[in-house]
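Input: a single structure, listed below in structure tokens.
The values are calculated or read from the model by the stated rules, or taken from the named source; none is laboratory data. Small disclaimer: the values here were computed from a predicted structure and weren't measured. Counting neighbours? That spans all protein chains shown, and the Cβs are built from the backbone with ideal geometry, glycine included. Remember, those area values only see protein heavy atoms, side chains included, never the ligands or the DNA or RNA. Shrake-Rupley method; radii C 1.70, N 1.55, O 1.52, S 1.80 Å.
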Amino acid sequence: MPYVKFSSLLVVSLVPVILAGCGNQSGNKEKDTQVAAKVNGDEITVHQINQVLSHAPSLKPEQAKQAAAEVLHGLVDQQLLIEQAKKDKLDRNPQVVAAYESAHAQILTQAYLDQELSKLPKPTDQEIKDYYTQHPELFANRRLYRFQELLIDGSGGRVAEIRQKIGSTKQIDAFVEWLKAEKIPFRVNNGVKKAEEVPLNLLPRLSKMQDGQAMVTVNGSNVLVVQLVASQQQPMTMETAKPVIAAYLTNSKRREATTALLKRLHDKAKIEYVGAFVYAAKTPVAKPVAAPAAVPASAAGAVKNTPAKPATAASDAMEKGLSGLK
């Protein structure tokens, strides 16, 4: 029987016990207690109900029967729809078959990864403490940053000129006036970020800056000038940071273990790319940059002084600001 999921359902560990006593006492008792309903002769079992309930948060004991009943009604509805779909031969539809095979592959893949990754040890207290100590900018010396970004399009070979001008200009306003005079496209974003929202490759530099200072980062033909307008100390204690660090280290270990596992499998396997996809054998796959916390899009305030919008591929990175340079 296919799996169903109901967003309104809740679960409790007592459900298997409660449902186990709902069968009748005639015939095969073990068999009867495992059947919750029959739809045109097809059985819906307690195990199916519990499988759905296992994906929802915990319930109070008095809510268990109601939740189980809601699941059962949903499974009955699903079975009725399945029967009609089979009568219309939709189970033989090429798109349905392909979707079924794709879901089957994903379930098996996830099941194997879960099995292997469940063997990983949890982060130790010492590992958590070490990470806390090694990253004061995220914890002990954590700050809230208010900054102004200048996102400049340096295409046409003007990156070096822009960098030189930044170095020789003491006031940011004077530099902005120069950009206008030179008709160099740029945007100005004002934003506020917590330390954990700043890309990890920029945070060490930003954490050492004093209010009023600026830094320059080049990404291809894009030049990002970040001026730290003001900052506020918001330290995070070891006690508060511990679950955050533990989750990050766990995810990091899982990523590393998955990469190592796939490498071992690749090394043992014979993989051939054929036909129009021969090129894929030499095409590198981009790897995401790990971070202790999700980094949202750059906080954008009022956009002002915009002579022209940066063109083509540069536009996306320019729009993203800080997070576009991860």
Run the simple label-point estimate for E256 and D91 please: 7 Å along Cα→C-beta, distance reported in nm.
4.7 nm
Let me cross-check T283: its accessible surface, 1.4 Å probe, with only protein heavy atoms counted, in Å² to the nearest 10?
70 Å²
I need the calculated FRET efficiency for the pair Q66 and L265, taking r as the beta carbon distance and R₀ as 56 Å, to the nearest 0.05.
0.80
Taking the Cβ of W178 as the centre, find all other residues whose Cβ is under 13 Å away and add up their charges (Lys, Arg: +1; Asp, Glu: -1).
+2
Per residue, how many Å² of accessible area does segment 94-157 show with a 1.4 Å probe?
64 Å²
For I166, I107, write out the residues from largest to smallest accessible area, computed with a 1.4 angstrom probe and no ligands counted.
I107, I166
Figure the gain on full extension for E177 and E43 (residue separation times 0.36 nm, minus the Cα-Cα span) and round it to one decimal in nm.
40.6 nm
Zone of Y112's modelled label, taken as backbone nitrogen in segment 264-287 under 13 Å from a point 7 Å along Cα→Cβ
264-270
Shape call, segment 104-144: gyration tensor on alpha carbons, a/c limit 1.5:
oblate
May I ask for the distance between the Cα centers of segment 216-279 and segment 41-85, given as a whole number of Å?
39 Å
Please give the length that would be gained between A247 and Q51 if that part of the chain were fully extended, namely 0.36 nm times their separation in residues minus their C-alpha to C-alpha distance (nm, one decimal).
67.9 nm
Considering only protein heavy atoms and a probe of 1.4 Å, how much of the accessible area of segment 75-148 is carbon and sulfur, as a whole percent?
56 percent
Decide, for segment 65-128, between rounded, prolate and oblate: order the square roots of the alpha carbon gyration tensor eigenvalues as a ≥ b ≥ c, take rounded if a/c falls under 1.5, and otherwise choose prolate if a/b is larger than b/c, else oblate.
oblate
Just want the answer: with Cβ charges of +1 for Lys and Arg and -1 for Asp and Glu, which residue in P235, L261, L179 is farthest toward the dipole's positive end in segment 173-279?
L261
So what are the radius of gyration and Dmax for the Cα set of segment 70-191, in Å?
29.6, 77
Karplus ³J(HN,Hα) for segment 140-157 (6.51 cos²θ - 1.76 cosθ + 1.60, θ = phi - 60°; Hz, whole; x = Gly/Pro) runs 4, 10, 4, 10, 9, 10, 10, 9, 10, 10, 10, 9, 10, 8, x, 5, x, x
Once the piece of chain linking N219 and L81 is laid out straight, how much longer is it, given 0.36 nm per residue of separation minus the C-alpha distance between them?
44.3 nm
In order through segment 68-78: 3J(HN,Hα) via Karplus (6.51 cos²θ - 1.76 cosθ + 1.60), integer Hz, x for Gly, Pro:
4, 5, 5, 4, 4, 4, x, 5, 5, 4, 4
Any idea what the dipole of segment 86-223 comes to, in debye rounded to 20, about its Cα centre with Lys/Arg Cβ at +1 and Asp/Glu Cβ at -1?
280 debye
Whole-Hz ³J(HN,Hα) for each residue in segment 228-243, computed from phi via Karplus 6.51 cos²θ - 1.76 cosθ + 1.60 with θ = phi - 60°, x for glycine and proline: what do you get?
7, 6, 6, 8, 9, 5, 9, x, 10, 6, 4, 4, 6, 6, 3, x
